[in-house]
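What follows draws every value from the coordinates through simple rules; no lab data is involved. Everything numeric here is computed off the predicted structure, so don't read it as measured data. Don't worry about glycine lacking a Cβ; one is built from the backbone with ideal geometry, like all the others, and counts go over all protein chains shown.
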Ligand SMILES: Cc1cc2nc3c(=O)[nH]c(=O)nc-3n(C[C@H](O)[C@H](O)[C@H](O)COP(=O)(O)OP(=O)(O)OC[C@H]3O[C@@H](n4cnc5c(N)ncnc54)[C@H](O)[C@@H]3O)c2cc1C
């Protein structure tokens, strides 16, 4: 009988995994099911550009089912819970889906309500987030009207999706305000709970330099506990207050809610404890997880999800064949960082090696940790690559799951 | 990395004063580190957090983040900041004799 493979989440990771598995198995060997609560697949990196009118929400959304290969069954239903001891998933309408292998790819959930006052008065009027399509569109309208004052960009706490996105947003805001002639009447502040501009030391230094160059004030170690959306105050747990006229927040992230109703699958924040190199969930040998849903100490980014999908599909096949799993994932991440004025920076790193200067993926590739127009074009081209190569699960020549070291200045710092 | 004396015991610490070998820790060391960091007396609430951090680290190899600490230790985040001003996770780790929590990525 055909094996049942059930994939929860039809976003970046779920779609790539489904397409890859469909290619690996004949239809009489395995059935592939994908469950998602809606049929709107958002190209999330595009959200960064919406507030500046550089792209529209409708340009970055496509139907989910159309991204899935023939022979994959799509269930448009919310997941209610997983019963790992019975090897089945319950959907909101009461359907039970039994599985031989379960893949968890339900991403991260935004939890603005966990910060006191944030979703109270002033939410979507003075306090915004661009992490959702609706939020990004509301922010676009606000920026359209903005005529000077104090803009504060804050990420409440790690982990967040695409840890560089709030910095990129800040750089693009600087560019946008200059283009519109209101930069001189605006104070731009970047407030972070980290002790530096970014999580990784070498990249942090480069980014802090850029902030200074662009006259952006950096507030570090601010753990925001409360927002006063009427008085315009972001208040830290330590009592520090940061005033704003307009707040752009990246809210707290947790795992999907159904995981809390699924015994043993999630940690305190709702993320799935997962083996760092095989991507098998700790809870059970026939459960695997990838993307933003995991507790891995890797960036929550599409590039990471892509590298994970390659290892995960291999291991699903091995698991079903009773073979030993490969410890193939090394935490590899790379991302373009938009810096405004049609330039971008590229960083590439993994669990053990921080982002270093050099070129990617080899000495003749894109410049690393350096602003360039080529990187900006790379970022723009990415949407095409996402829909046409990444989601269908095609390998990109020269770009594999392991982090390349050729082309990098490995001695830059230890 | 350097070896130093805390509460008369030789311990290995990193540049910021975090113990690099949790096995060298004892309660007298904890109290000495606390005093040096502006906490004159460790109360039961302090100890609850410090022990929770330490046990978690020894069991999993990772120190919990401030949010996980707030959800799992039974001490809400607001109170954590009152107990350990500035950086509760960092300070509790230091007092608990475990390496500096790696910032998330
Ligand atoms: C503003 C922004 C900018 C970004 N920029 C970049 C970038 O430049 N580069 C980069 O690499 N990454 C970037 N990312 C991150 C990237 O989009 C994510 O890391 C990636 O999409 C993760 O894929 P995933 O499959 O884990 O989660 P998702 O793609 O979010 O998919 C999760 C899916 O699960 C579904 N789901 C959740 N709960 C349930 C339930 N109970 N029942 C049914 N379905 C459910 C959701 O509907 C969703 O479709 C960015 C993200 C944001 C928000």
**Study point:** Nitroxide proxy distance, nm - points 7 Å out along Cα→Cβ at residue A:69 and residue A:373
**Key:** 4.0 nm
Review point. What spacing in nm lies between the two simple spin-label points modelled at residue B:8 and residue A:220, each 7 Å away from Cα in the Cβ direction?
Key: 3.8 nm
Review point. Of all DSSP beta bridges in chain A, what percent run antiparallel (nearest 5)?
Key: 50 percent
Point to revise | Among B:32, B:89, B:63: highest mean-square fluctuation, GNM of chain B, C-alpha pairs under 10 Å | key: B:32
Study note, to complete from the structure: Computed over the Cα atoms of segment A:112-252, the Rg and Dmax in Å are 13.9, 40
**Study point:** Part-to-part distance (alpha-carbon centres) for segment A:142-186 and segment A:106-132, which is given in Å
**Key:** 16 Å
Exercise for review: Measure out, as a whole number of angstrom, how far apart the alpha-carbon centroids of segment A:37-84 and segment B:1-72 sit.
Suggested key: 45 Å
Check your understanding: Roughly what angle does helix A:12-24 make with the longest principal axis of chain A, taking Cα atoms, 0 to 90 degrees, to the nearest 10?
Key -> 30 degrees
Exercise for review: Could you list the square roots of 5 times each eigenvalue of the Cα gyration tensor of segment A:333-375, that is, the equivalent ellipsoid semi-axes, sorted largest first and rounded to whole Å?
Suggested key: 18, 12, 7
Revision key, fill the gap. With label points set 7 Å from each Cα along the Cα-to-Cβ direction at residue A:114 and residue A:1, the distance between them in nm comes to 4.0 nm
**Study point:** Stokes-Einstein diffusion coefficient of chain A, Kirkwood radius over Cα pairs, 20 °C, 1.002 mPa s, in µm²/s
**Key:** 97 µm²/s
Point to revise | For segment B:2-95, the spread of Cα positions along each principal axis, largest first, Å | key: 35, 30, 21
Revision key, fill the gap. Within segment A:112-252, the percent of DSSP beta bridges that are antiparallel, given to the nearest 5, stands at 30 percent
Check your understanding: With contacts defined as alpha carbon pairs under 8 Å and 6 or more residues apart, what's the relative contact order of segment A:11-86 in percent?
Key -> 42 percent
Review point. What's the angle, to the nearest 10 degrees (0 to 90), between helix A:165-179's Cα axis and the longest principal axis of chain A?
Key: 40 degrees
Revision key, fill the gap. Relative to chain A, whose Cα atoms define the longest principal axis, helix A:302-320 and its Cα axis are tilted in degrees, nearest 10, by 10 degrees
Practice item. Using a 10 angstrom cutoff on alpha carbons, build the Gaussian network for chain A and name the most mobile of A:369, A:211, A:90. Key: A:90
Revision key, fill the gap. Inter-chain shielding metric for A:265-272, i.e. average beta-carbon neighbours from other chains within 10 angstrom, reads 3
Revision key, fill the gap. Listed residues A:372, A:362, A:184; largest mean-square fluctuation, Gaussian network over chain A with Cα springs below 10 Å, found at A:184
